[in-house]
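The values are calculated or read from the model by the stated rules, or taken from the named source; none is laboratory data. Values in this document were obtained by computation on a predicted structure and should not be read as measured data. Neighbour counts are summed over all protein chains in view; Cβ atoms, including those assigned to glycine, are modelled from backbone coordinates with ideal geometry. What goes into the accessible areas is simple: the full protein's heavy atoms, side chains included, and nothing from ligands, DNA or RNA. Shrake-Rupley method; radii C 1.70, N 1.55, O 1.52, S 1.80 Å.
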Amino acid sequence: MRVVLAMIREGSNITQMQVSRCAGISQGYYSDIECGLRCPSPEVAFRIAHVLDIPDHEIFRVFYADISWNYKRRNKHAG
C-alpha cells in the first residue's frame, strides 16, 4: 500500500522534501516510510496525510494495511 502514498504525492506534484518539511520530519524518514522500511507513528501518519490531503478514514489503509495483513498472515499459521 505504500505505493499508494508515492502515487498520491507524485500526483500532487509534491516532492518528498516538501512533504517531510510540512510534516515536520526528515526527508530520509519520509523516504523510508514511502518505501515501506519504516512505519510512522499515528501522529506522524496524520501529519503526512494532512499534507497530502488524504481523508482521515483512509489513513489506516494507506499507512498500516500491509502491517495488519502480514500480522494476520503470520498468526494464521501459528499453532
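Other residues with beta-carbon under 12 Å from the beta-carbon of A49 carry, at +1 per Lys or Arg and -1 per Asp or Glu, a net charge of -1.
Here the simple spin-label model places points 7 Å from the Cα toward Cβ, and for C22 and E10 these points are separated by 1.8 nm. The accessible surface of the range 1-58, taken with every protein chain in place and a 1.4 Å probe, is 55 percent carbon and sulfur.
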